[in-house]
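**Student:** Starting off with a structure, shown below.
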Amino acid sequence: MSISQFSTTREILKFEGADKAAYWRKFALLLSLAVIIATMGLLRNSGAVVIAAMLVAPLMTPILGIASSIVMGWVGRALFLILTVWLAAGSSIIISWLIVWIADAPSTLLLPDEVLSRSNPGAEDMVVALAAGIAGAYVQIRKSEISLLPGAAIGVSLVPPLAAAGILLYFGEQEAAYEATLLFATNFGAIIFSASLVYIILGPRERVFRKAHRGVKFTLGMAVTLAFLTVVLVQLLAATYLRYIETGTEAILAQRTKEWAGDTPVEIIRVDVHARTKIAEIWVLLDLPSDAQYKIGSLDDFLPAAMKEHPFREAAREVLGEDYKVVVRYQTRIAWQVDLATEAIDVAPSVDAVQED
């Protein structure tokens, strides 16, 4: 390998430059700004603002520095950067929590989808992080491809999961906050692993491994990284499996609900099955006459005889088993059909009948 490539690898390792204090002050400033932008974007449910936070965030550089330290066998340097990154991660969560606390967001606020999407990581997130790590390391080695760096920064998404964790902690969602932090850990470990491989393939292998102790330290560093990734991957696979089970169960439950309703106009809006908490929720719309809301005292008052003979509990139990509790959220919908050729007004046909026509 050429001397220039070896110098490039050392530049990645010593990314602070001559004035380390100045670099870390800039790092703290940019990270704080990125967390503020990400938190505001998540609360406003704005994907564009969240992407802006990804571009400002400076976490990618020290994480690539960890990978370079492992390749070069600088254990002390790697440990220092690992502690720095996780200290920065913890600080980011605290800053996000403080922002929401200062804003005095109501505890009953519905969490935006941008927040919830970062609290449900799966095995596919590790694939994305591995690819982003390869892209980031490749850009560092091949500086002619620097235009690819913004895409790598967006793909890896380091700060938004931390900001989401702070928001979730404020709203008392500790388990979801842990899942968001797990997403950050996934990105962290995957970037180190894939970037290390890129540095070995494109970097100065002969000079790096000329001394035996460097090879031993590299092997040790990669073993620790793989162990970390294995622990993370086990949790991601478990989450992915649960999501697969939940998605399939939701589809079956929706179909069974339609079958149970029969000819009764029932439109299923949403079905959620939570395998861990053993709770299922069903949102439906019911077509009723205009005066029905004044006459109905309970759900059974308007159920047809066929539905009463076969209670919904039995249909749901066949799908979910006896361990679940089911929450049915329904809203009455008053619908009329107006004949424009005459003055006749009749009850509107069901949604299914209209779609079939």
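The values are calculated or read from the model by the stated rules, or taken from the named source; none is laboratory data. This structure is a prediction, so every number in the text was calculated from the model and none was measured. Here Cβ is always computed from backbone atoms with ideal geometry, including for glycine, and neighbour counts include all displayed protein chains. These accessible areas exclude ligands, DNA and RNA; they are computed on the full protein's heavy atoms, side chains included. Shrake-Rupley method; radii C 1.70, N 1.55, O 1.52, S 1.80 Å.
**Student:** Please compute the length gained on full extension between LEU220 and ASP19, using 0.36 nm multiplied by the number of residues separating them and subtracting their Cα-Cα distance. Please report the intermediate quantities before stating the final value.
**Tutor:** On the way: separation 201, 0.36 × 201 = 72.36 nm, distance 3.05 nm.
Taking LEU220 through ASP19 to full extension adds about 69.3 nm, to one decimal.
**Student:** Using a 1.4 angstrom probe and counting only protein chains, how large is the accessible area of ILE252 in Å², to 10?
**Tutor:** It works out to around 90 Å².
**Student:** Using a 10 Å cut-off on Cβ atoms, rank the peptides 175-185, 336-346 from the highest mean neighbour count down.
**Tutor:** Details: 175-185: 21.4, 336-346: 8.5.
Listed from highest to lowest mean packing, they are 175-185, 336-346.
**Student:** Over the Cα atoms of the stretch 48-123, Rg to Rh with Kirkwood Rh, two decimal places?
**Tutor:** On the way: Rg = 16.5 Å, Rh = 15.1 Å.
Value, to two decimals: 1.09.
**Student:** Along Cα→Cβ, 7 Å out, is where each label goes; now give me the distance between the ones at ALA341 and GLN255 in nm to one decimal.
**Tutor:** Between ALA341 and GLN255, the simple spin-label model gives 4.0 nm.
**Student:** Also, quick follow-up: Quick check on packing: order 52-58, 36-42, 319-325 by the mean number of other C-beta atoms within 10 Å, highest mean leading. Mind showing how you got there, number by number?
**Tutor:** Values: 52-58: 19.9, 36-42: 24.7, 319-325: 12.9.
Listed from highest to lowest mean packing, they are 36-42, 52-58, 319-325.
**Student:** Can you tell me the order of 274-280, 59-65, 190-196, 123-129 when each peptide is scored by its average per-residue count of other Cβ atoms within 10 angstrom, highest first? Provide the component values of the computation, followed by the final result.
**Tutor:** On the way: 274-280: 13.9, 59-65: 23.0, 190-196: 25.7, 123-129: 18.1.
So the order, starting with the most tightly packed, is 190-196, 59-65, 123-129, 274-280.
**Student:** Considering only protein heavy atoms and a probe of 1.4 Å, how much of the accessible area of the stretch 61-141 is carbon and sulfur, as a whole percent?
**Tutor:** Numbers: 2650 of 3600 Å².
For the stretch 61-141, the apolar C and S fraction of the accessible surface comes to 74 percent.
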